[in-house]
Amino acid sequence: MGMRHGALLLAGVAAFLVGCGGAGMRAEAAGPQRLSFSDLAGWNTDDQSAALDAFRRSCARILKLSPSAPLDTKGGDRLYGTAGDWQPACQAAAQVGDGAAAANARGFFQHWFVPVRFPSEKGLLTGYYEPEMKGALTRHGPYQTPVLAPPAGYRMVDGGGNFPARAEIENGALDTNSLAIAWLESPIDAFFLHVQGSGRVRLETGEIVRLNFAAKSGHPYTSIGKVLVDRGELAMEEVSMQTIRAWMERQPDKGRALTHENKSYIFFRILRNIDPELGPPGAEGTNLTPGRSLAVDRSHHPLGTLLWLTTEHPTVDGRDVVPVARLMVAQDTGSAIKGRQRGDIFFGSGGEAGEIAGRMKAEGELIALVPKAIAP
């Protein structure tokens, strides 16, 4: 999980907590290589209808752009062209209809796009999710850990400036009672909410309140997983969200002190009128689709673009792996997501998604789908 710029903080739970990166996967042609869909193992068995629904949400933004505008303000490889290169496909996507049959969705992508493999790089795929935790809207009983909105008139300064760091905020440097938008039962839940950048709070009534990233303090992020490795508390190969959380639960006082090593602090807002089946908004401003939304390095892949992903992810119990070959939509980003072959899969919400995302760290490959008219 890394820090997301935009609606979500992200990066890949395992990689973000440890602070690892990713690079290199294959050694072949120096430039992009045009492929056929028959070259994509698993293409004919993937149900691309879910990807089409996610792509249609990205298209709502793309269709508002000037045809000569870039797809993304952060740039991206020239391979992807301009908004005008994508708008005909986006207009056609609206005609396919919601919940299109898998064959119709597959036919749509084959009609409008061509797969393109990137030159030599190794891929690293991680995962993130939307956690669910117990909480309340007012402070009482076990609900003593606040989730804060940004102070009035707040503007982030890179490096944090004179703004208080995490330890100072948790020790009362801000007016907690006036800024709190929710109170959580577990301070460990609160820290992992900061890492993920979004979450669902289950109230005593059973109602769900959804929280989303609003701002960050500007202080640099420190990986607590890396701190534990450097101190010899955990071996690098052992580090996951699950092992870090277990370490913190065994020794709460040391766990709280450990979180203070990370000076960065995240502020939140309450989301209203969000489809419970969808995830929170990503950096593109569209609601994330479990298993189909991908966080990418926007300097390589513009938001809204299509990527064929091959990798594997752990099972819920962590004892086995499941092969993955599916079409994804670039709809989010994160400060730990660096490189053309670096991606972070949104696995959804709740416990099972967290078990998978928390252990997810695997090699893989991303292959672009680009409009036929501009494919190399």
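Bear in mind that the values in this text are calculations on the coordinates, not laboratory data. Quantities reported herein were computed from a predicted structural model and do not represent experimental measurements. Reconstructed Cβ throughout: ideal geometry from the backbone, glycine too, with neighbour counts over all protein chains shown.
I'm checking my understanding of the structure. Among residues of region 213-241 that are polar (S, T, N, Q), crowded, with 19+ Cβ neighbours inside 10 Å and under 17 Å from residue 266 (Cβ atoms), which one is nearest to the chain's Cα centre (by Cα)? Before the answer, list the steps.
Taking region 213-241 as the starting set, the residues that turn out to be polar (S, T, N, Q) are 217, 222-223, 240.
Still in the list and also crowded, with 19+ Cβ neighbours inside 10 Å: 217, 223, 240.
From what's left, under 17 Å from residue 266 (Cβ atoms): 217, 223.
Numbers: 217: 20, 223: 17 Å.
So the residue we want is 223.
Being touching a strand residue (DSSP E or B) at 6+ places or on another chain (Cβ under 9 Å) and among the charged types (D, E, K, R) is the filter here, so list the residues in region 171-205 that pass it.
Across region 171-205, the qualifying residues are 185, 189, 200, 202, 204.
Within region 302-336, how many residues turn out to be in contact with a Gly (Cβ under 6 Å, 6 or more places away or on another chain) and either of a type in the set (Val, Ile, Thr) or closer than 22 Å to residue 59 by Cβ (or both)?
Initial filter on region 302-336 (in contact with a Gly (Cβ under 6 Å, 6 or more places away or on another chain)): 302, 310-311, 325, 331-332, 334-336.
Okay, now just the ones that are also either of a type in the set (Val, Ile, Thr) or closer than 22 Å to residue 59 by Cβ (or both), so 302, 310-311, 331-332.
Summing the residues that are in contact with a Gly (Cβ under 6 Å, 6 or more places away or on another chain) and either of a type in the set (Val, Ile, Thr) or closer than 22 Å to residue 59 by Cβ (or both) in region 302-336 gives 5.
Tell me yes or no: at least one residue of region 328-342 is surrounded by 22 or more Cβ atoms within 10 Å (Cβ to Cβ), touching a helix residue (DSSP H, G or I) at 6+ places or on another chain (Cβ under 8 Å) and assigned to a loop (DSSP other than H, G, I, E, B).
Yes - at least one qualifying residue is present in region 328-342.
Examine region 251-258 for a residue that is in contact with a helix residue (DSSP H, G or I) (Cβ under 8 Å, 6 or more places away or on another chain) and closer than 15 Å to residue 131 by Cβ, and state whether such a residue exists.
No - not one qualifying residue is present in region 251-258.
Scan region 253-294 for residues that are assigned to a helix (DSSP H, G or I) and in contact (Cβ under 8 Å) with a residue 24 or more places away in the chain and report the count. Steps first, answer last, please.
Filtering region 253-294 for residues assigned to a helix (DSSP H, G or I) gives 253-259.
Applying the additional criterion that residues be in contact (Cβ under 8 Å) with a residue 24 or more places away in the chain yields 255-256, 258-259.
So the answer is 4.
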